[in-house]
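The values are calculated or read from the model by the stated rules, or taken from the named source; none is laboratory data. These numbers come from a predicted model, not from an experiment. Glycine gets a Cβ as well: all are built from the backbone with ideal geometry, and neighbour counts include every protein chain shown. Note: accessible area is taken over every heavy atom of the protein model, side chains too, but ligands, DNA and RNA are not part of it. Shrake-Rupley method; radii C 1.70, N 1.55, O 1.52, S 1.80 Å.
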Amino acid sequence: MFSQELVLLGQYSLGDNMRFSGWQVLRQGVSGNKGWAPQWRNPDPKTEYDIVIIGGGGHGLSTAYYLAKEHGLKNIAVLEKGYLGGGNVGRNTTIVRANYYLPGNSEFYSHSLKLWENLEAELNYNVMLSQRGVIQIFHSDGQRDAAVRRGNAMINQGDDAVLLDREGLRKILPYLDYDNARFPVYGGLLHPRGGTARHDAVAWGYARGADQRGVDLIQNCEVTGIDVENGKVRGVQTTRGAIRAKKVAMVVAGRSSQVAAMAGMRLPIESHVLQAFVTEGLKPAIDHVISFGMGHFYISQSDKGGLVFGGDLDFYASYAQRGGLHRKEQVMQAAMTLMPMIGKARVLRSWGGIMDMTPDGSPIIDKTHIEGLFVNAGWCYGGFKAVPGSGKSFAHLLATGTHHQPAARFQLDRFKSGHLIDEEGTGAQHNLH
Ligand SMILES: Cc1cc2nc3c(=O)[nH]c(=O)nc-3n(C[C@H](O)[C@H](O)[C@H](O)COP(=O)(O)OP(=O)(O)OC[C@H]3O[C@@H](n4cnc5c(N)ncnc54)[C@H](O)[C@@H]3O)c2cc1C
């Protein structure tokens with residue numbers, strides 16, 4: 001049987017439409033894994049496209065995928081200055097959730113989580129979505145009231161929320177410091193459908209799906225200029241030559257202000273560094289995503305066993321993809337305050353990503369005043385969970401010229417009109433969101 005299978009494998013043409021399945025894994029396994037096809041082509045840029053997407057991160061790739069799949073558009077290029085998925089989409093702490101409070105965010109993240117729940121079937125790609133539950137801990141009566149309000153908003157939106165008192169929390173997170181903590185643990189708000197996903201697999205899955213539908217994914221191609229004539233976008237200048245385009249979409253996360261400046265625009269965005277940390281692999285210990293209520297600290301355990309955690313921004317504007325020691329110290333202090341057992345783990349690595357912070361902490365999916373130029377930005381440090389929803393809504397806007405309902409409030413002019421979507425309630429200071 002195996003020899004017959006090997007003959008078939010020999011005839012298998014490398015290239016498009018190789019679907020992943022258990023059967024395929026078996027077939028490839030018995031042939032020394034020599035029959036796997038590259039997951040996407042490596043085309044040279046054409047001189048003209050209908051739509052050019054700048055940025056091959058999660059949002060750029062999902063936008064390209066939904067443009068091709070749902071709107072039947074094929075003449076599209078994604079231009080990425082490095083390699084696909086080398087930006088924040090491959091650097092985050094992988095938390096996926098729909099536990100927002102304010103109208104605008106609430107319906108958008110709910111929509112995005114529903115897309116996550118079918119993403120593996122949609123993309124035929126194992127994005128390792130693990131709905132292990134996200135728990136936000138509260139430490140005072142005031143925080144409990146806020147958690148109740150948030151939980152009710154989540155339920156009203158059609159999502160799930162469970163309020164746990166201290167004893168309820170102790171049953172599922174016995175390792176927190178309940179007895180000697182500087183900030184006493186009062187309970188937690190559990191969002192059972194929240195969890196984690198494999199971040200770079202999401203980028204790869206969308207990349208493969210877009211490529212299979214004819215999108216050109218062009219790596220090592222930095223956009224260095226945006227051509228605008230008489231108020232209309234005409235194309236882009238790149239390190240691989242000029243490319244004409246009827247529409248140009250800026251989806252460059254931490255570089256949004258710099259790329260928008262190429263079209264003479266000033267965005268309400270500051271770029272800040274956010275760091276993440278991972279420990280050595282440990283036996284299963286933490287089976288939820290936990291976030292601390294008395295400081296910005298969140299933690300989960302990866303499938304490889306490493307504890308993956310992070311905290312606040314470094315708090316000064318920067319384009320560096322690494323962070324300062326002061327933030328490392330704060331994050332470790334928060335970890336020790338919440339769960340002293342973590343002191344026994346050894347941190348293996350830390351890294352940073354560049355966050356596109358808006359003055360209200362909420363994103364932008366909109367047209368600009370330049371005809372044909374669109375912007376998708378301002379995801380701050382919450383844009384990984386938004387990848388499916390953002391791509392779908394941005395594709396809708398690019399293809400139809402109208403706002404997609406779940407993202408209809410993410411418009412640029414809210415920063416002029418004052419209708420901010422300020423989830424944190426911290427006011428118009430970028431680094432506080
Ligand atoms: C440490 C850390 C932890 C995080 N944790 C979470 C989390 O747990 N949950 C969550 O929801 N979110 C999280 N985030 C945020 C999330 O990762 C980002 O909001 C999201 O990934 C940004 O969108 P993107 O994937 O499209 O960005 P990116 O992957 O950064 O994509 C943008 C791309 O644009 C490219 N580019 C830039 N300029 C140019 C140019 N001139 N020409 C061509 N290409 C260009 C870049 O190279 C990059 O690949 C975290 C981020 C970090 C850094």
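Observations, loosely collected:
- Note on the chain: with neighbouring protein chains present and a 1.4 Å probe, carbon and sulfur make up 51 percent of its accessible heavy-atom surface.
- Across q = 0.14, 0.19, 0.20, 0.21 Å⁻¹, the range 14-124 modelled as identical point scatterers on its alpha-carbon atoms has Debye log10 I(q)/I(0) values of -0.83, -1.26, -1.30, -1.33, in the order of the q list.
- Within a Gaussian network of the chain (alpha carbon springs, distance under 10 Å), most fluctuating of L282, L84, L113: L282
- Checked against a 31 Å cut-off, the cross-linked pairs K34/K114; K246/K416; K283/K385; K246/K392; K34/K385; K81/K385 give Cα-Cα distances beyond that limit for K34/K114; K34/K385.
- Rounded to whole numbers, the Karplus 3J(HN,Hα) couplings from phi for the range 232-241 are 10, 7, 10, x, 9, 9, 9, 5, 10, x Hz, using 6.51 cos²θ - 1.76 cosθ + 1.60 with θ = phi - 60°, and x at Gly and Pro.
- Reachable aspartates and glutamates, given that their alpha-carbon falls under 12 Å from the alpha-carbon of K247 and they are not under 8 places away in the same chain: E48, D50, D227, E371
- Of the residues S393, Y298, M128, the one whose Cα sits farthest toward the positive end of the charge dipole of the chain, with +1 on the Cβ of Lys and Arg and -1 on the Cβ of Asp and Glu, is M128.
- Charge-dipole axis of the chain as Lys and Arg at +1 and Asp and Glu at -1 on Cβ define it, positive-most pick from L163, P192, G254: G254
- Under the Debye formula (equal points on every Cα, no solvent term), log10 I(q)/I(0) of the range 51-93 at q = 0.16, 0.19 Å⁻¹: -0.40, -0.54
- Computed over the range 168-283, the quotient of the alpha carbon radius of gyration and 2.2 N^0.38 Å is 1.71.
- Residue-by-residue Karplus 3J(HN,Hα) for the range 109-125, coefficients 6.51, -1.76, 1.60, Hz, glycine and proline x: 6, 5, 4, 5, 5, 5, 5, 4, 5, 10, 5, 5, 5, 4, 9, 6, 8
- Student exercise, the range 117-223 dipole from Lys, Arg, Asp, Glu Cβ charges, in Debye to nearest 20: 320 debye
- Probing with 1.4 Å while keeping every protein chain in the model, the per residue accessible area of the chain equals 43 Å².
- Couplings 3J(HN,Hα) of the range 330-340, computed from phi: 5, 5, 5, 5, 4, 4, 5, 5, 7, 9, x Hz, in residue order, whole Hz [Karplus 6.51 cos²θ - 1.76 cosθ + 1.60, θ = phi - 60°; x for Gly and Pro].
- Estimated [θ] at 222 nm from DSSP helical runs (n ≥ 4, -39500 (n - 2.57)) normalised by residues in the chain, nearest 500: -8500 deg cm²/dmol
- At R0 = 25 Å, FRET efficiency that the Cβ-Cβ distance of T239 and R41 yields, to 0.05: 0.80
- Working note: Cα gyration tensor of the chain, eigenvalues times five, square-rooted, sorted largest first, giving semi-axes of 36, 29, 19 Å.
- Size of electric dipole in the range 213-338: Cβ of Lys, Arg +1 and of Asp, Glu -1, about Cα centre, debye, nearest 20: 580 debye
- Projecting the Cα atoms of Q39, F315, Y381 onto the charge dipole of the chain, computed from C-beta unit charges around the Cα centre, puts Q39 farthest toward the positive end.
- Amide H partners (placed H, <5 Å) of W36, local residues excluded: none
- Magnitude of the charge dipole for the chain, about its Cα centre and with charges confined to Cβ atoms of Lys, Arg (+1) and Asp, Glu (-1), is about 620 debye.
- According to the Kirkwood relation over distinct C-alpha pairs, the hydrodynamic radius of the range 286-432 is 17.5 Å.
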